[in-house]
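Structure first, commentary second.
The values are calculated or read from the model by the stated rules, or taken from the named source; none is laboratory data. Since this is a predicted model, take the numbers as computed values, not measurements. Methodologically, a virtual Cβ is constructed for each residue, glycine included, from the backbone with ideal geometry; neighbour enumeration extends over all protein chains shown.
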Amino acid sequence: MWVIRTFTSMVIFIPPTLQAGGMELSGQSIGPFFEQGNYTEITLARLNADISGQVQNQAELAEIGVTDFSTGNFVEDRNFVQAALKFQPYPKVSFGLIFDQPFGVDIQYHYRPNTVIGPIEIESTEIHFDSQNITTLFGYQLNPTWQIYAGLGVQSFKGDLQVFGQSFYFLNGYRAEFKKDHALGWLAGLNYQIPEYALRSSLTYRSAIKHQVHVNESIQNQPIHLTTENKTKIETPASVNFDFQTGISQKNLLYASLRWVNWSDYIIQPTQFAAIIDSAAQYAPEIASFKMIQYQEDQWSGKVGIAHQYNQRWVSTFDLGWDVGSGNTASTLSPVDGYYSLGLGGLYYWQPQSFFALGTQYLHFNKAKTLQNTEVNPKLATLYSVNQNDAWVFGAKIGHHF
């Protein structure tokens, strides 16, 4: 089953979510670290999403001749790169290096409907956050079945957020530029395997990573100086990954994964933004707890699938996945709340130690709940309703044992 055992690290490479739970993107798998011997791989993937909804304040908009209340697709297509390098200098010692893009969002929304006096931009939202992670791993094989491993992760984080429109009230024209920051985190875990049965299970904990981000904030292009502090604490969340695989026949293998991410403790609240909210709360106490970005619940996601080996060169996979979401109300930042997915993949060995793999995944998103007739929006760019939304992810991987 050596072909199937290698392929199981590939079936998880497709970025699994699109803000279905927080800003989750990559799933932070360390599957390549468990490959036999020395190994390297690179993965390219592309996300094509169709995410839209209906804007708020439709009665007021109808009075000025607006008949189209659709946001249009406001999630930009996104490319992903993941890479890994694993060395086995001694039978019991292994080292690994993994690059991925664990968290991020790319939203660009401009609502410009026709009115009685022609097209007018009523509101717009641009939200871009990006992170990159380099993980170093050290593993030690205690015996033929048990391995322990630990390592450090260096993470960069940056972003940009802009909102425009009367629906944002006193935040109309607000912009926050989050300068790139680097910070350290750690991870550790256990791996159990019985190679002759293609059985392997691993449990990995990743710590939260604390960033101190310099943020330039402005309204209508005028810098905000309500407080002297211009650094914002942003803590990317802790997570736990459980991965499992086992051979169920000579040509078939069952694989599964489960992931938890602590999004309920994740908050982005720049200092000047917080000062604006504190000032406005004197006249509208109901917004005192308003946060720029906050998630209500932790994320749970999982996947289960089958890999089938046709011969020593060809393997295919089929899997089903799900994500429970983060419980937020519908907005342009959180238009969906979880998903169900279906994935297909195929791998071809053109040489005994080298393979090429292709995969695709379809995601059907659950609708986020909506709030009606609210005088003060509880989230930035709240939506009146959410459409039936979905996405496709396409990926390719090259791997080589050496």
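Data overview
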read-out	value
Within region 265-289, tally of residues that are closer than 20 Å to Thr204 by Cβ and surrounded by fewer than 18 Cβ atoms within 10 Å (Cβ to Cβ)	1
Residues within region 141-178 that are touching a Phe, Trp or Tyr at 6+ places or on another chain (Cβ under 6 Å), over 30 Å from Pro89 (Cα atoms) and either among the β-branched types (Val, Ile, Thr) or exposed (fewer than 14 other Cβ atoms within 10 Å of the Cβ) (or both), tallied	1
Flag for Phe69 being touching a strand residue (DSSP E or B) at 6+ places or on another chain (Cβ under 9 Å) and over 21 Å from Gln155 (Cβ atoms)	yes
Those residues of region 114-131 which are not small (Gly, Ala, Ser) and not in a loop (DSSP other than H, G, I, E, B), in sequence order	Asn114, Thr115, Pro119, Glu123, Thr125, Glu126, Ile127, His128, Phe129, Asp130
Number of the exception - Gly96 against (1) touching an Asp or Glu at 6+ places or on another chain (Cβ under 7 Å); (2) of a type in the set (Gly, Ala, Ser); (3) in contact (Cβ under 8 Å) with a residue 60 or more places away in the chain	(1)
Breaking point among (1) modelled with pLDDT of 90 or more; (2) within 30 Å of Val163 (Cβ to Cβ); (3) not in a strand (DSSP E or B), for Gly65	(1)
Of all residues in region 186-207 being small (Gly, Ala, Ser) and surrounded by fewer than 19 Cβ atoms within 10 Å (Cβ to Cβ), the one that is farthest from Gly37 (Cα to Cα)	Ser207
Residue in region 76-89 that is in contact with a helix residue (DSSP H, G or I) (Cβ under 8 Å, 6 or more places away or on another chain) and within 30 Å of Ile51 (Cα to Cα) present	no
Residue list for region 57-89, restricted to those being of a type in the set (A, V, I, L, M, F, W, C) and under 14 Å from Glu123 (Cα atoms)	Leu61, Val66, Phe69, Phe74
Of all residues in region 283-331 being touching a helix residue (DSSP H, G or I) at 6+ places or on another chain (Cβ under 6 Å) and of a type in the set (Ser, Thr, Tyr), the one that is farthest from Ala357 (Cα to Cα)	Tyr295
Condition check for Arg78: buried (at least 16 other Cβ atoms within 10 Å of the Cβ) and out of contact with any Ser or Thr (no Cβ under 9 Å at 6 or more places or on another chain)	yes
Residue list for region 124-140, restricted to those being of a type in the set (A, V, I, L, M) and surrounded by 18 or more Cβ atoms within 10 Å (Cβ to Cβ)	Ile127, Leu137
Positions within region 280-297 being in a loop (DSSP other than H, G, I, E, B) and not hydrophobic (A, V, I, L, M, F, W, C), in sequence order	Gln282, Tyr283, Ser289, Lys291, Tyr295, Gln296, Glu297
Among residues of region 109-145, those that are within 21 Å of the chain's Cα centre (by Cα) and within 21 Å of Val66 (Cβ to Cβ), counted	2
Region 388-402, residues that are in a strand (DSSP E or B) and closer than 25 Å to Trp350 by Cα	Val393, Phe394, Gly395, Ala396, Lys397, Ile398, Gly399, His400, His401
Entirely in region 162-268, the strands (runs of 3 or more DSSP E) that have 1 or more residues that are touching a strand residue (DSSP E or B) at 6+ places or on another chain (Cβ under 8 Å) and of a type in the set (Gly, Ala, Ser)	174-194, 199-206, 209-219, 239-247, 252-261
Any pair with Cβ under 6 angstrom, 6 or more apart, that starts in region 170-198 at a residue that is at positive phi and modelled with pLDDT under 95 and ends at one that is not acidic (Asp, Glu) and not in a strand (DSSP E or B)	Gly173/Gln220; Ala198/Met1; Ala198/Arg5
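Here is a yes/no grid of residues against (1) within 27 Å of the chain's Cα centre (by Cα); (2) over 30 Å from Tyr149 (Cα atoms):
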| position | (1), (2) |
| --- | --- |
| Val163 | yes, yes |
| Phe170 | no, yes |
| Arg175 | yes, yes |
| Ala188 | yes, no |
| Gln212 | yes, no |
